[in-house]
Amino acid sequence: MVVRVKDRFVFSGVVTPSDLGVETTVVALPDYPDFILVEGYIDVSALASDDVLDVSVYLAVDGVNPGLYDRVRLVGTVETPIVRVTPMYIRGDGKFKVTVNQIAGSLKGFPYWFIVLVHEVV
């Protein structure tokens, strides 16, 4: 069995929550025909001393029901301001989604960059 990368998609931009306490989608992947490898980064260097930000990752292990996979809470300025969503292989219909939720402080914009590699068996 040979597995190869069939396609590549990049998602990038700047996400700014609409209000404090509102979970805002950074990236939500569509369904793909086969399993994928996804990885990404969010730059939180704009955080100030009074800011609190949650970064959450969701996925559907069964391809139907998304659940919380990971959440990190950042308080104030941080020593390492690039949040990495570690590479993970997931099913093509894994409903992968990353969100930010600014809990306190003044609203900021957060640059992000994600890559998706769609695989296939040939």
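Where a number appears in this text, it was derived from the coordinates with a stated rule and is not lab data. Bear in mind that the values here come from a model prediction, so they are computed numbers and not experimental data. Cβ: placed from backbone, ideal geometry, glycine included. Neighbour counts: every protein chain shown.
Some observations on this one:
- Qualifying aspartates and glutamates (Cα of each under 16 Å from Cα of Lys95; at least 8 residues distant if same chain): Asp31, Asp34, Glu39, Asp62, Asp70
- Springs between Cα atoms under 10 Å define the GNM used for the chain, and in it the highest mean-square fluctuation of Thr86, Thr24, Thr16 occurs at Thr86.
- Between Val78 and Arg8, the distance separating the two model label sites (each 7 Å from Cα on the Cα→Cβ line) works out to 2.7 nm.
- Sparse packing (at most 14 other Cβ atoms within 10 Å of the Cβ) combined with a DSSP loop state is found for the following GluC sites (Glu not before Pro) in segment 1-82: Glu23, Glu79.
- Label zone at Val122, where the point sits 7 Å out along the Cα-to-Cβ direction: segment 1-45 residues whose backbone N lies under 11 Å: 2-7
- Normalised alpha carbon radius of gyration of segment 37-122 [divisor 2.2 N^0.38 Å]: 1.22
- With only Cα atoms counted, segment 1-65 has Rg and Dmax values of 15.7, 53 Å.
- Annotation: lysines with alpha-carbon distance below 25 angstrom to Lys108 (same-chain offsets under eight excluded): Lys97.
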